[in-house]
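*Asks:* Pasting in a structure now, in structure tokens, and then I'll have a few things to ask.
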Amino acid sequence: MNDGPDITVEVENLLRAEAPQVLGALVRRFGRFDTAEDAVQEALLAASRAWPAEGVPQDPRGWLIRIGYRRMVDLLRSDRARRRREWDAATADLAMGESDRRAAPVRETDDGLTLLMLCCHPVLSHASQVALTLRAVGGLTTAEIAHAHGTAETTMGTRISRAKQRLARAGARFTPPTAADRQSRMAAVMRVLYLIFNEGYTASTGDELARVDLTAEAIRLTRTLAGTVPDDAEVTGLLALMLLTESRRAARTGAAGELLPLDEQDRSRWNGDLVREGTGLIDGVWNRREVGPYQLQAAIAALHAAAEAPEGTDWPQIAMLYLWLERLTPTAPVRLSRVVAVARAFGPTRGLSLLDDLNRRHALDRNPLTRQRERAVRAHLTRMTGDTAAANALYREAAELTGNRVERRYLLDQVDPSARDRP
């Protein structure tokens, strides 16, 4: 690594990449998540001070693990002095004293994947899984995670602390999943990574449409996951979906920061490298025997990317893929997306008819995941049928239901100009 002006940024990126591996090594050896994270943070701090001045060591992970082990021993010895936990201290002494048990670089596939699965343990709520993953695996500070979720740092700190305590009470261990629960645990990891990406792509609150730090972190973690399980087509599909979706980020807003829907985006601003990589990934796994929901969503995103102009989009094919996706994952967001695809393929009247039917059977208009977007979709389709007055009221309802100011401004801008000043 060079000694140029970018050394601090390079060190920061390297530390973020190595942190989960170092944490995994310590948790695997000592079994104390809280204490291990404290030790890792001190090792990272030591590196951030030493490496820019002295240069990055030849084996940065080994350097961090050695420092972390030493700090871990100190912490456990202090814990013994306060609470007389001889067993913890003896374990720490043994781990440091026997040459065959000293810290050594471990395979990234083992500790990276196992740590992700520990953070996504089924005893934790989805919110806690996301927060703990960002903290322990992503290396984000508690303040950064709190900002991303529009909450106070103290509140987020309490959530993360309780998540760790719950893992301890549940007896969760830093061990690879068994064959019996591997599929469900992997599904939990993918769900958490996708939740992180979605929160970054359209922030639920705040003045910015997107949180690039979260989308970048979700993609980085998913790349790591895909590297550990290269034969898992669904993980590959998830990575392809993120890349294809992220490729459109620069074109989602106009010069004044206003939201631009897909049909109004300048497609020359889509990131061609991400489009090619994402399309190549989904093409490479599409012909395998089983197709999962992330692969289907990636295939839909690839169809959008393949169209040089909005009118060239294969909406009938997209509607078919959404029907397939709904059968695999019958969730409210998927059903609402199918409404949009059907309306684009076969007209707004048919889309509204499908939306009415889905509301009767599945209450999309009352589901917290779709309540706001259902109003926005209905408003758009209603306007397409020529009922401007009803569409105006629906756009106002949708705007009141979003906490994102960019999205709110876009929805209010859709109200007919002659009716904007009216209640």
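The values are calculated or read from the model by the stated rules, or taken from the named source; none is laboratory data. Bear in mind that the values here come from a model prediction, so they are computed numbers and not experimental data. Positions of Cβ are backbone-derived with ideal geometry, glycine not excepted, and every protein chain shown enters the neighbour counts. The accessibility values were calculated without ligands, DNA or RNA, using every heavy atom of the protein model including side chains. Shrake-Rupley method; radii C 1.70, N 1.55, O 1.52, S 1.80 Å.
*Asks:* Among (1) among the aliphatic types (A, V, I, L, M); (2) assigned to a helix (DSSP H, G or I); (3) surrounded by fewer than 16 Cβ atoms within 10 Å (Cβ to Cβ), where does Ala256 come up short?
*Replies:* (2)
*Asks:* Within the range 393-412, track down each residue that is under 16 Å from Leu260 (Cβ atoms) and not aromatic (Phe, Trp, Tyr). Please lay out each step first, then the result.
*Replies:* Initial filter on the range 393-412 (under 16 Å from Leu260 (Cβ atoms)): 404-412.
Listed by number, the residues that qualify are Asn404, Arg405, Val406, Glu407, Arg408, Arg409, Leu411, Leu412.
*Asks:* Looking at Leu394, Leu358 in this structure, which one is over 20 Å from Pro330 (Cβ atoms) and assigned to a helix (DSSP H, G or I)?
*Replies:* So the residue among Leu394, Leu358 that is over 20 Å from Pro330 (Cβ atoms) and assigned to a helix (DSSP H, G or I) is Leu394.
*Asks:* Does Arg344 satisfy the condition of being over 22 Å from the mean Cα position of the chain (by Cα), charged (D, E, K, R) and closer than 20 Å to Leu381 by Cα?
*Replies:* yes
*Asks:* Follow-up question, since we're still on this one. Quick check on Thr370: is it surrounded by 17 or more Cβ atoms within 10 Å (Cβ to Cβ), free of Cβ contacts under 8 Å to residues at least 60 places away in the same chain, within 30 Å of Ala298 (Cβ to Cβ) and touching a Pro at 6+ places or on another chain (Cβ under 8 Å)?
*Replies:* For Thr370, the condition - surrounded by 17 or more Cβ atoms within 10 Å (Cβ to Cβ), free of Cβ contacts under 8 Å to residues at least 60 places away in the same chain, within 30 Å of Ala298 (Cβ to Cβ) and touching a Pro at 6+ places or on another chain (Cβ under 8 Å) - is met.
*Asks:* With respect to the numbered conditions (1) without any contact (Cβ under 8 Å) to a residue 60 or more places away in the chain; (2) buried (at least 24 other Cβ atoms within 10 Å of the Cβ), which one is the sole condition not fulfilled by Leu262?
*Replies:* The failed condition is (2).
*Asks:* I would also like to ask the following. Which ones in the range 157-181 are in contact with a helix residue (DSSP H, G or I) (Cβ under 6 Å, 6 or more places away or on another chain), within 22 Å of Met117 (Cβ to Cβ) and not in a loop (DSSP other than H, G, I, E, B)?
*Replies:* Arg159, Ile160, Ala163, Lys164
*Asks:* Can you name the residue in the range 221-239 that is without any contact (Cβ under 8 Å) to a residue 40 or more places away in the chain and assigned to a helix (DSSP H, G or I) and, of all such residues, is surrounded by the fewest Cβ atoms within 10 Å (Cβ to Cβ)?
*Replies:* Filtering the range 221-239 for residues without any contact (Cβ under 8 Å) to a residue 40 or more places away in the chain gives 222-223, 226, 230-231.
Now drop any that are not assigned to a helix (DSSP H, G or I), which leaves 222-223, 226.
Values: Thr222: 25, Arg223: 13, Ala226: 17.
Going through the qualifying residues, I end up with Arg223.
*Asks:* Tally time: how many residues in the range 373-411 are farther than 20 Å from Leu209 by Cα, without any contact (Cβ under 8 Å) to a residue 12 or more places away in the chain and among the charged types (D, E, K, R)?
*Replies:* So the count comes out to 1.
*Asks:* If Leu323 meets every condition in (1) in a helix (DSSP H, G or I); (2) of a type outside the set (S, T, N, Q); (3) open to solvent by less than 80 Å² (accessible area, probe 1.4 Å); (4) more than 23 Å from Asp263 (Cα to Cα) apart from one, which number is that one?
*Replies:* Going through the list (1) in a helix (DSSP H, G or I); (2) of a type outside the set (S, T, N, Q); (3) open to solvent by less than 80 Å² (accessible area, probe 1.4 Å); (4) more than 23 Å from Asp263 (Cα to Cα), Leu323 breaks only (4).
*Asks:* Tell me whether the range 71-90 contains one or more residues that are modelled with pLDDT of 75 or more, of a type outside the set (A, V, I, L, M, F, W, C) and open to solvent by 30 Å² or more (accessible area, probe 1.4 Å).
*Replies:* yes
*Asks:* Filter the range 131-156 down to residues that are over 24 Å from Leu45 (Cα atoms) and in contact (Cβ under 8 Å) with a residue 24 or more places away in the chain, then give me how many there are.
*Replies:* Qualifying residue count, the range 131-156: 2.
*Asks:* Do we find a residue being of a type in the set (D, E, K, R), more than 15 Å from Val27 (Cα to Cα) and at pLDDT 85 or above anywhere in the range 45-55? Don't jump to the end; show me each part of the working.
*Replies:* Initially, the range 45-55 is screened for residues of a type in the set (D, E, K, R), giving 49, 54.
Then drop every residue that is not more than 15 Å from Val27 (Cα to Cα), which leaves 49, 54.
In the following step, the residues that additionally are at pLDDT 85 or above were identified as 49, 54.
The answer is yes; a qualifying residue exists.
*Asks:* For Gln129, work out the one condition from (1) within 20 Å of Thr114 (Cβ to Cβ); (2) open to solvent by 20 Å² or more (accessible area, probe 1.4 Å) it doesn't fulfil.
*Replies:* For Gln129, the exception is condition (2).
*Asks:* Next question. Among the residues of the range 138-166, which ones are within 24 Å of Val229 (Cα to Cα) and within 12 Å of the chain's Cα centre (by Cα)?
*Replies:* The one that is within 24 Å of Val229 (Cα to Cα) and within 12 Å of the chain's Cα centre (by Cα): Gly138.
*Asks:* While we're here: Being within 19 Å of Leu260 (Cα to Cα), at pLDDT 95 or above, over 29 Å from the mean Cα position of the chain (by Cα) and open to solvent by 20 Å² or more (accessible area, probe 1.4 Å) is true for just one of Arg375, Arg350, Arg361, Arg383. Which residue is that?
*Replies:* Arg383
*Asks:* Any residue at all in the range 276-290 that's surrounded by fewer than 21 Cβ atoms within 10 Å (Cβ to Cβ), modelled with pLDDT under 95 and touching a His at 6+ places or on another chain (Cβ under 9 Å)?
*Replies:* No, that holds for no residue.
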